[in-house]
1. Work out from phi, with θ = phi - 60° and the Karplus expression 6.51 cos²θ - 1.76 cosθ + 1.60, the ³J(HN,Hα) of each residue of the range 78-93, listed in order in whole Hz, and give x for Gly and Pro.
2. Give me the net charge for the shell around Leu60: Cβ to Cβ below 14 angstrom, other residues only, Lys and Arg +1, Asp and Glu -1.
3. If you plug each phi of the range 134-142 into the Karplus form 6.51 cos²θ - 1.76 cosθ + 1.60 with θ = phi - 60°, what whole-Hz ³J(HN,Hα) values come out, in order, with x for Gly and Pro?
4. Which translational diffusion coefficient, to the nearest whole µm²/s, is obtained for the range 38-159 from the Stokes-Einstein equation, given a Kirkwood hydrodynamic radius over C-alpha pairs, 10 °C and 1.306 mPa s?
5. If we sort 141-154, 60-73 on the protection proxy, mean other Cβ atoms within 10 Å, highest first, what's the order?
6. Going by how many other beta carbons lie within 10 Å of each one, how would you line up Met47, Met102, fewest first?
7. Given contacts defined as C-alpha pairs under 8 Å and at least six residues apart, what's the relative contact order of the range 38-159, whole-number percent?
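Just so it is clear, none of the values below were taken in a lab; they were calculated from the coordinates. In this text the structure is predicted, and so the values were computed from the model without any measurement. Positions of Cβ are generated from backbone atoms using ideal geometry, with glycine treated the same way; all protein chains shown enter the neighbour counts.
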Amino acid sequence: MRSFNGEYGRRRVKDCPATKWPTPDRAPTPERGSAVVEFVFLAVLLMVPVAYLILTVGALQGGAYAVVGAADQAARVYVLQGDEGTALQAARQAADIAVTDMGFDPAKSTLTITCDGGCLTPGATVTAQVRLRVDLPLVTGIPGVDLQAATVESVATQKVGRFK
C-alpha cells in the first residue's frame with residue numbers, strides 16, 4: 001500500500017501563478033483600516049436625524065390623538081350639562097383630562113365652544129374646537145428654549161338632545 005504525504009502531484013506554492021497577484025499587504029491603495037471609521041461616522045451622521053424625526057412624528061401623532069379625544073369629549077360633556085356656566089367648566093375639565101392622558105400639558109391646549117343659537121336649547125348644535133401646541137421632543141427640559149414642532153387641532157360637533 002502506498003502512503004500519501006500531501007506532496008504527490010502538486011506544485012509548490014511559490015511556483016503557483018496565483019501568488020503573483022497583489023496580496024492585502026501589497027495593496028495598491030493607501031486606505032487601510034478606515035472602513036470602520038467611515039461606517040461609524042456615516043451611521044451617526046444619518047441615524048441621529050432619522051431617530052429624531054421618528055420621535056417628532058410620534059409626538060405629533062400623539063398630539064393628534066389627544067386633540068381628537070379632547071374635542072369629542074368636550075362637546076359630549078357640554079351638551080349633557082344643565083346650564084352654560086357648568087357646561088363650559090365641565091367641557092374644559094374633560095378636554096384637560098383627555099390631553100393629560102396622552103402625556104401633554106393641558107396649559108398648552110385651548111378649547112373654543114361655539115353654538116348656533118342658544119347653546120343648550122334642544123336641537124342646538126355645539127361645536128368644540130381644541131388646539132394643542134406640540135413641542136419638539138428632548139428639548140423641553142432645556143431652560144430658555146421654547147421650540148414647537150406644530151400646532152394640531154380638532155373639531156367635534158354634538159347636538160343637544162330634544163328631550164332635555
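1. 4, 6, 8, 7, x, 10, 5, x, 6, 5, 5, 5, 5, 5, 4, 5
2. Values: positive: Lys108, Arg131, Arg133; negative: Asp135, Glu153.
Its environment carries a net charge of +1.
3. 9, 7, 5, x, 6, 10, 6, x, 7
4. Numbers: Rh = 15.9 Å.
The Stokes-Einstein estimate is 100 µm²/s.
5. Numbers: 141-154: 12.1, 60-73: 20.7.
Result, highest mean first: 60-73, 141-154.
6. Values: Met47 10, Met102 17.
The fewest-first ordering by Cβ neighbours comes to Met47, Met102.
7. Numbers: 200 pairs, mean separation 34.8, N = 122.
Value for the range 38-159: 29 percent.
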